[in-house]
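Report on the following structure.
FYI, it's all coordinate maths here, none of it is from the lab. These numbers come from a predicted model, not from an experiment. Here the Cβ positions follow ideal geometry from the backbone for every residue, glycine too, while neighbour counts run over all protein chains shown.
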Amino acid sequence: MDETPEQLRAKLIAWWGTILGICAVVAFGSIFVTRAYLVRRGYEMENWRPPHLARLETDLEAVNRTGEAVSLGQLRGKVYVVGHQYTDCPAGCLGLAAVMKSLEAEFGDDPQFRLVSISVNPAGDTPEKMDAWVKERGVDSPDWWFLTGDPEAIPKYMISRFKFYATEEITDPALRAAQGPYAHDQRLAIVDGDANVRGYYDVLNVQRGQIEIERLRRDLKLVLNPDLKLSDLQPAAPADAP
């Protein structure tokens, strides 16, 4: 039996109604998913923290410039900035020390904050020599360790745990006179209270040095203050933020 025009019209209306209903569900679902994504994305950006880049799985035994035997494990629960330096360095190490001194001036009142300088040349940097260097440079602070120790253990630890670049001896006389006997990693790193390395900062880079210093300051604030929001700080979106 042929369908009447009214029946065909009713079927057509029902068919289009079904199509429109499906489209509406898909559209509202997309809006909901997109909104949820944007909310989550905003939350992640607002609560962003520097990533975990390495971990100090083992401890490092060393000698402080005071002659006291210490270990990095004693700094668990503290947040510290670490640099790789040595007393006979004629240029770069002084720049690192200047940046670290500025960090001490800014963050030194925080009981969770520390500074650590580990010798590039532990065979030549005796505690006495490091202590004299510290006092000459005006960076004499009880919360700033200057560490020396085993000439084999320290370089291995800096490479395997801190993931610093390997040190190389400079043989060219002209370069040696200008840069010192060793070419070494001149970045600074942040270590959190759980012994995780949270960032590397090329603060002496000719083009990006100041940007790296600002990035270091921002990340240090975020690691030291778990409740701090990214929007609480001055802009400069994190280069490796999600």
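Each peptide among 80-93, 137-150 gets the average number of other Cβ atoms lying within 10 Å of its residues, and from highest to lowest they stand as 80-93, 137-150.
Across the chain, C-alpha contacts under 8 Å between residues 6 or more apart give a mean separation that, scaled by the residue count, equals a relative contact order of 26 percent. Among the cysteines of the chain, 23 have no other cysteine beta carbon within less than 4.7 Å of their own. Longest exposed-loop-site-free stretch of the chain, with GluC sites (Glu not before Pro), DSSP loop and at most 12 other Cβ within 10 Å? Longest stretch, sites excluded: 153-242. Each of 87, 223, 100 was scored by the projection of its Cα onto the charge dipole of the chain, and the greatest displacement toward the positive side belongs to 223; charges sit on the C-beta of Lys, Arg, Asp and Glu. Axis of helix 92-107 versus longest Cα principal axis of the chain: the two differ by about 60°, to the nearest ten degrees. Note that the chain shows a convex hull volume over its alpha carbon atoms of 209 Å³ per residue.
Rounded to the nearest 20 debye, the dipole magnitude of the range 54-226 is 480 debye, with +1 charges on Lys and Arg beta carbons, -1 on Asp and Glu beta carbons, and the Cα centre as origin. Could you give the angle, 0 to 90 degrees to the nearest 10, between helix 209-224's Cα long axis and the longest principal axis of the Cα atoms of the chain? For 209-224 against the chain, the angle is about 70 degrees. Only helices enter the 222 nm calculation for the chain: every DSSP H run of n ≥ 4 contributes -39,500 (n - 2.57), and dividing by all residues gives -14000 deg cm²/dmol, rounded to 500.
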